[in-house]
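To start, the structure under review is shown below, and the notes come after it.
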Amino acid sequence: MKDYDKIVQDLAPKKFGFWGKIWVTLLCVIAAFAMYAYYQQLSQGLVITHMRDYSLWGVYISNFVFFVAISLVGSLVTAILRLSGANWATPLTRISEVIAVAAIVMAGLTIIIDMGRPERFYNLFIHGRLQSPIIWDVLVITTYLFISLLLLFFPLLPDFSILKKYFKDKPKLSNWYNRLSLKWKGDDRQVKIYNKSIYTLSVLIIPVAFGIHTVTAWLFATTYRPGWDSSNFGPYFIAGAFVAGAGAVVSVMFVLRKAYHLEDYITDFHFDKMGKLLVLLCLVYLYFNVNEYLVPAYKTTEEEADHLKELFVGDYAPMFWIVIVFGLIVPVIALLFKKGRKPLPVFIIGLFVVVGAWWKRYLIVTPTLLHPFLPVEGVPKEWHHYFPTGLEWTITIGTLSGALLIITLLFRYLPVIPIHETIEELEAKHQLKAQKNEK
Amino acid sequence: MKNKTKIGLTIVLFFCLFGSQQNIFSQDLKPAILDVQYLKSDGNPSLKISAKYREDRVFYPATGLNFTIYKSILLDEKDELTEDSLIGSATTDEAGLALFNLQKNQIKSIGNTFIVRIENSSVFEEDEESVMFSDAKLSASIEQEEDGNYITAQLTDSEDNPLAEQSLNVSLKRLFGKMQVGEDESYETDEEGKISVQISDTLYSKSGKLNFEIKLDENDDYGTIVDNLIGDFGVAMVSKDTFDKRTMWSPPSKTPLFALIVPNLLLIGIWFTLVLLLVNLFKIYKSK
């Protein structure tokens with residue numbers, strides 16, 4: 001019982017400290033700037049961006065693909081590791097579920113930001129054609145958001161019940177937890193429905209998560225352009241999304257561990273495991289990268305050659321090689337060593353991976369658009385190049401800070417680590433120990 | 001000395017003013033570049049006139065330009081032109097082109113000369129261009145042989161004497177141009193003034209009809225002579241209009257069935273499960 005109280009006390013949500021308040025204020029200020037920039041875009045139109053006839057997808061779509069990629073982590077840690085019986089990942093499930101929800105919400109928002117006339121969004125549902133991958137993306141994102149919310153909410157039911165009791169001296173907060181717990185008592189019937197539902201969701205989220213990434217890849221692959229014309233794009237996107245998602249989890253878990261003093265629950269062991277997992281995911285993604293660039297480079301059709309030249313030795317070469325080396329190769333090498341899998345190195349590598357993943361999406365979107373099969377002719381000189389305007393950057397950074405704000409605010413009221421599951425695992429350990437002692 | 005200076009300045013001033021006015025007046029009328037060709041299409045003679053002018057190093061069509069057309073009449077035995085007879089007028093269209101139809105009785109066997117003049121134009125300078133030619137005949141037909149269809153054509157002068165070693169073009173008219181028929185761009189007439197060109201049996205057209213053109217093109221002696229033929233042995237084009245069909249590029253009401261059924265089945269399956277999960281939440285809430 002003493003352990004139980006300690007766990008609840010350790011894991012119950014806490015008020016923001018000084019740095020927490022500074023962090024939230026900073027994110028709110030960035031979000032406010034982004035909202036002002038978006039107001040400018042709404043009133044003046046997309047002309048405030050540098051997107052033109054050729055670079056018709058710019059930083060917004062790169063950012064959208066990044067968010068979609070990050071959201072895959074919900075299915076990786078929660079579903080795949082849960083179903084494969086990897087119990088060590090229990091403390092990481094809530095973190096990955098919250099990241100997935102925040103990322104998918106911002107992915108949807110980013111698409112609306114990318115629209116010149118967002119008030120016409122409803123036309124997608126009225127006049128949308130099921131033949132178009134754009135509609136598939138809208139449908140699958142909506143579905144994935146709903147599943148992610150359910151997968152976040154179901155495991156929280158017992159925790160809400162625990163928190164209701166824990167915060168009984170704060171009636172208002174306790175009342176909210178009570179409502180959210182849906183009168184959870186933990187009886188056999190409830191536990192049976194609860195387990196069955198989580199299992200169903202864990203199974204269901206995997207094909208939908210694969211679907212969202214494949215459909216997003218098809219948005220590109222079904223368009224006949226150098227660099228996108230690939231049947232490899234679906235698995236290539238999924239592999240990249242796993243890397244980005246795992247990088248996001250290790251970064252966020254390090255910060256939360258520090259901020260909420262969770263060293264007893266998120267241990268070096270978890271960083272070690274996630275480090276190893278990240279190595280595997282990076283290697284798989286590297287394999288897909290080799291496929292994606294080697295085959296067109298070998299065939300060297302004129303247009304593909306121009307595109308690859310831009311990436312390998314042209315204007316985008318510094319960015320491309322930094323992303324490949326520091327976003328994939330360096331993480332693999334560093335994480336192969338035990339010292340590299342300690343919390344701080346893993347955190348730093350996680351940041352490298354996430355930043356690299358963001359720029360990788362930029363490199364997938366922009367250079368291809370500037371090298372179409374038909375030559376770019378008879379247009380102003382500035383249309384031959386694309387780099388986002390200050391307002392585009394402000395809005396994009398605003399969406400990133402928006403995702404971080406959602407994560408931060410959710411963890412203000414939700415336990416970072418599932419309390420109920422942690423207690424259950426502890427009880428199971430005690431029982432095992434007792435059985436051993438009896439023998 | 002002063003007087004001399006005054007006189008000198010006055011002369012300079014006079015020439016400046018007078019000279020500049022001269023320039024202004026001379027710029028009012030532009031020189032036109034004329035071209036006149038004799039064209040005989042399906043036995044109907046005409047003059048094809050084109051006019052353009054140059055401004056800022058760019059050529060523009062001279063539109064709405066009126067020409068008067070004369071026929072030169074040889075009055076003495078030395079074949080010298082001594083009198084021109086007015087036979088009509090023509091005006092250029094938006095492309096700077098005009099076609100003036102001639103009467104058949106205005107054409108002689110040899111030594112035809114027609115003069116096209118710009119007269120009294122408020123825009124262009126007076127100018128003239130002439131064309132000289134002898135009359136010739138081009139008769140073409142389609143003949144069916146054992147190994148396929150052939151176009152045969154014969155070029156003769158007005159007295160039916162064959163014209164040998166003349167180059168004839170054979171082409172098939174298409175919507176935006178002409179397609180070469182046979183292996184060569186042009187065919188030279190033989191001693192009988194004849195050519196024979198085999199026609200491919202896989203020529204497509206909208207209704208199966210093929211419009212052939214046999215042409216003596218801009219010949220120095222006989223001008224341009226054209227004979228048109230229609231053959232009905234083309235392969236008729238079958239319309240591939242998919243407007244009423246269910247295709248990947250149709251509007252939502254004509255979505256292909258597989259694209260309609262498969263995604264909807266998947267969506268229904270997933271959302272049905274999600275609804276069951278929501279019901280599970282309700283069951284947990286109502287559990288006693």
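The values are calculated or read from the model by the stated rules, or taken from the named source; none is laboratory data. Note that the structure is predicted; figures quoted are calculated from it, not measured. Glycine also receives a Cβ, built like all others from the backbone with ideal geometry; neighbour counts cover every protein chain displayed. Quick note on the areas: whole protein, heavy atoms, side chains included, nothing else; ligands and nucleic acids left out. Shrake-Rupley method; radii C 1.70, N 1.55, O 1.52, S 1.80 Å.
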Region A:95-130-region B:99-154 distance, computed between alpha-carbon centres (Å): 69
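Using a ≥ b ≥ c from the Cα gyration tensor of region A:170-212 (square roots of the eigenvalues), is it rounded, prolate or oblate, where a/c under 1.5 gives rounded and otherwise the larger of a/b and b/c decides, a/b for prolate? Mind dumping the intermediate values first?
On the way: a/c = 6.23, a/b = 1.76, b/c = 3.54.
Taking the square roots of the gyration eigenvalues as a ≥ b ≥ c, region A:170-212 is oblate.
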Peptide ranges A:143-152, A:418-427 listed from the most packed, as the mean C-beta count within 10 angstrom indicates: A:143-152, A:418-427
Mean separation of Cα contacts under 8 Å (6+ apart) over length of chain A, as relative contact order %: 32
Cα-based shape type of chain B, given that a ≥ b ≥ c are square roots of the gyration tensor eigenvalues and the cut on a/c is 1.5: oblate
Estimated distance in nm for a label pair at residue B:220 and residue B:264, the labels positioned 7 Å out from Cα along Cα-to-Cβ: 7.6
Label-point separation in nm, residue A:117 to residue B:200, each point 7 Å along Cα→Cβ: 4.7
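Rounded, prolate or oblate: which one fits region A:2-422, using the alpha carbon gyration tensor with axes a ≥ b ≥ c (rounded when a/c is under 1.5, else prolate when a/b beats b/c, else oblate)?
Details: a/c = 1.86, a/b = 1.59, b/c = 1.17.
It is prolate, given that a/c is not under 1.5 and a/b is the larger ratio.
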Distance (nanometres) between label positions extended 7 Å along Cα→Cβ at residue B:253 and residue A:339: 7.2
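Other chains near B:257-264: what is the mean number of their Cβ atoms within 10 Å of each residue's Cβ? Mind dumping the intermediate values first?
Values: counts 0, 0, 5, 2, 1, 1, 6, 2.
That works out to 2 on average.
Per residue of B:269-281, how many C-beta atoms from partner chains lie within 10 Å of its own C-beta, taken as a mean? Mind showing how you got there, number by number?
Numbers: counts 1, 10, 4, 0, 5, 8, 0, 2, 13, 3, 2, 10, 8.
Average per residue, whole number: 5.
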Fraction of accessible area attributable to carbon and sulfur, chain A (%, probe 1.4 Å): 67
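Ranked highest first by average number of other Cβ atoms within 10 Å, how do B:103-110, B:235-242 line up?
Details: B:103-110: 11.6, B:235-242: 9.5.
Result, highest mean first: B:103-110, B:235-242.
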Cα Rg, Dmax, region A:108-194, angstrom units: 19.7, 56
Residue among B:38, B:60, B:187 with the largest mean-square fluctuation in a Gaussian network model of chain B, springs linking Cα atoms under 10 Å: B:60
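Between residue B:108 and residue B:150, how high is the FRET efficiency from 1/(1 + (r/R0)^6) when r is the Cβ-Cβ distance and R₀ = 41 Å? Nearest 0.05. Let's see the in-between values first.
Working: r = 34 Å, r/R0 = 0.82.
Efficiency, from the Cβ-Cβ distance: 0.75.
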Nearby aspartates and glutamates by direct alpha-carbon distance to residue B:206 (threshold 14 angstrom, same-chain neighbours under 8 apart not counted): B:232, B:241
Residue B:56/residue B:127 FRET efficiency (R0 25 Å; Cβ-Cβ; nearest 0.05): 0.75
Packing-based ranking, highest mean first, of A:282-293, A:344-355, A:325-336 given that Cβ atoms within 10 Å are counted: A:344-355, A:325-336, A:282-293
Kirkwood hydrodynamic radius over Cα pairs of the protein assembly as shown, then Stokes diffusion coefficient at 25 °C and 0.890 mPa s, in µm²/s: 73
Region A:257-336 versus region A:165-211: alpha-carbon centroid distance in Å: 36
Nearest-10 value in Å² for the accessible area of residue A:264, using the 1.4 Å probe: 110
Under 5 Å, built H, 5+ apart or other chain: amide partners of residue B:247: none
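Taking both sides together, what accessible area is buried at the B/A interface, probe 1.4 Å, expressed in Å² and rounded to the nearest 100? Kindly include the intermediate steps, with their values, before the conclusion.
Working: alone 20120 and 21790 Å², together 39600 Å².
About 2300 Å² of accessible surface is lost on pairing.
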J(HN,Hα) series, region A:220-236, from Karplus relation 6.51 cos²θ - 1.76 cosθ + 1.60, nearest Hz, glycine and proline x: 8, 5, 7, 9, 7, 9, x, x, 10, 6, 9, 7, 8, 5, x, x, 4
Distance from region A:220-251 to region A:1-51 (C-alpha centre basis), Å: 27
In order through region A:279-290: 3J(HN,Hα) via Karplus (6.51 cos²θ - 1.76 cosθ + 1.60), integer Hz, x for Gly, Pro: 4, 4, 5, 5, 5, 4, 5, 4, 4, 5, 4, 4
Nearest-0.05 FRET efficiency for residue A:426 and residue A:284, computed from C-beta distance (R0 30 Å): 0.30
Per-residue average of Cβ from other chains inside 10 Å of A:145-155: 2
Per-residue ³J(HN,Hα) for region B:189-204, Karplus 6.51 cos²θ - 1.76 cosθ + 1.60, θ = phi - 60°, Hz, x for Gly and Pro: 6, 8, 4, 8, x, 10, 10, 9, 10, 6, 9, 4, 8, 10, 9, 9
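Can you pull the percent of Cα pairs in region A:289-361 with separation above 20 Å?
On the way: 1064 of 2628 pairs.
The answer is 40 percent, as a whole percent.
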Proximal lysines relative to residue B:40, as straight alpha-carbon distance under 24 Å, when same-chain residues fewer than 8 apart are discounted: B:48, B:52, B:71, B:104, B:108, B:137, B:173, B:178, B:194, B:209, B:215
Anchor residue A:276: aspartates and glutamates whose Cα lies under 13 Å away (excluding residues fewer than 8 positions away in-chain): A:268
